[in-house]
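*Asks:* Got a structure here, written out as structure tokens. Questions coming.
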Amino acid sequence: MIRKRRNRTVFLAVLACLALFWGAIDIVGVSANTLWVHLGWVTLGVGSVVVLAAMSGWGINRLRGKRAR
């Protein structure tokens, strides 16, 4: 049941993003190339934040583990 909800949420999120892209290209008149460039930068930024957060969490977990021993 949880997996079904998660898949539905991801599917709806992707559809919402596609609708925003379609609206930006069709209604506003932004070029598709510009959107792809910005999408790449945003993806790179979000990915780096996720990696930094994971590394910080791993480091804090190791520090706490050493103190507990």
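Rule-based calculations on the coordinates, nothing more; no lab input. This structure is a prediction, so every number in the text was calculated from the model and none was measured. For neighbour counting, all protein chains shown are included, and Cβ atoms are generated from backbone atoms with ideal geometry for every residue, glycine included.
*Asks:* State whether the residues of the range 50-58 include one that is surrounded by fewer than 10 Cβ atoms within 10 Å (Cβ to Cβ), in a helix (DSSP H, G or I), free of Cβ contacts under 8 Å to residues at least 12 places away in the same chain and among the aliphatic types (A, V, I, L, M).
*Replies:* The answer is no; no qualifying residue exists.
*Asks:* Check Gly40, Gly29, Gly23, Gly47 and return the single one that is of a type in the set (Gly, Ala, Ser) and surrounded by fewer than 10 Cβ atoms within 10 Å (Cβ to Cβ).
*Replies:* Unique residue meeting the criteria: Gly29.
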